[in-house]
Amino acid sequence: MNQKHPLSLLSSGKLLVSPSVLAADFADLGHEIHKIQEAGADMVHLDVMDAHFVPNLSIGPGLIACLRKHTELPFDVHLMMTDPLNYIEAFSKAGADHITFHVECSSDIQKTIQAIHSCGCSAGITLKPGTSVETLLPWLPQIELVLVMTVEPGFGGQSFMPEQLKKVEFLHHYFKQQTFAFHRPHIQVDGGLGEENVRQAARAGANCIVAGTSVFRSPHGTATAVEILHAAQEELAR
Ligand code: DX5
Ligand code: ZN
């Protein structure tokens, strides 16, 4: 099994960029991943959709295993699945370094977090725009990342929902007040992120930016697109 790079090894004091391959050319994914690695991406965001939890079907462990040999970058796997607990081991064996799942799923949350950690991966929890951030509170001391969805999960290329940044602000202040063991979870945002809103997200407290369309379909090219996102580092809320 590949050496794991859990996100707990990455500082939450640095703005991290995790391009979502959902917007990439699926017929040329190995090359697309080389491009974002060359561009300085910090990890690769892999969106898994089961056509049940969300009305779309994307990739599975088989494809992720094929992509593993193309980069050493951490694989940031976002499971949009009804029953993620049943698939944790498969995605870990395929090469996931980090696994985020939805609090709205049908799996036992505690068992799913434990299963992710027992595979050597870091764990993330996420919520849909319509779910209140308070539902995450019981799990926050156990996870390494919280993903605040800024679109309805299921498709790339949607419009950013700025009101979701209130959840980011809440989490940022909550983490500053709490003394969680020895780590402060990453706060990740995902959906419609790009040049026009990444600084606003960083100011709210997000230190990890998922971006698909604005990276893989940027008129400026991938390298410039990632550079623009990283430049929001100077806005990072302390
Ligand atoms: C949506 C996915 C996102 C999406 C981001 O359900 O979780 O990761 O691919 O793509 P853009 O940046 O195009 O909104
Ligand atoms: Zn995603």
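The values are calculated or read from the model by the stated rules, or taken from the named source; none is laboratory data. Source: prediction; values computed, not measured. Ideal geometry is used to build each Cβ from the backbone, glycine not excepted, and the neighbour counts take in all protein chains shown. Surface accessibility is based on the protein's heavy atoms, side chains included, excluding ligands, DNA and RNA. Shrake-Rupley method; radii C 1.70, N 1.55, O 1.52, S 1.80 Å.
Is it the case that the stretch 156-164 has a residue that's farther than 25 Å from Ala24 by Cβ and either free of Cβ contacts under 8 Å to residues at least 60 places away in the same chain or within 14 Å of ligand 1 (Cβ to nearest atom) (or both)?
The answer is yes, given that some residue of the stretch 156-164 is farther than 25 Å from Ala24 by Cβ and either free of Cβ contacts under 8 Å to residues at least 60 places away in the same chain or within 14 Å of ligand 1 (Cβ to nearest atom) (or both).
Have a look at Ala123, Ala204 and point out the one that is touching a residue at least 12 places away in the same chain (Cβ under 8 Å), closer than 14 Å to Phe101 by Cα and either basic (Lys, Arg) or more than 15 Å from ligand 2 (Cβ to nearest atom) (or both).
Details: Ala204 fails: closer than 14 Å to Phe101 by Cα.
Selected residue: Ala123, the only one of Ala123, Ala204 that is touching a residue at least 12 places away in the same chain (Cβ under 8 Å), closer than 14 Å to Phe101 by Cα and either basic (Lys, Arg) or more than 15 Å from ligand 2 (Cβ to nearest atom) (or both).
Exactly one of (1) open to solvent by less than 40 Å² (accessible area, probe 1.4 Å); (2) touching a residue at least 40 places away in the same chain (Cβ under 8 Å) is unmet by Ala223. Its number?
Looking at each condition in turn, Ala223 falls short on (1).
Failed condition for Thr150, given (1) among the β-branched types (Val, Ile, Thr); (2) surrounded by 23 or more Cβ atoms within 10 Å (Cβ to Cβ); (3) within 20 Å of Ala123 (Cβ to Cβ), with all others met?
It fails just one condition, (3).
Of Leu85, Leu63, which residue is closer than 26 Å to Gly40 by Cβ and modelled with pLDDT of 95 or more? Lay out the reasoning, then the answer.
Details: Leu85 fails: closer than 26 Å to Gly40 by Cβ.
None of the other options fit; the residue is Leu63.
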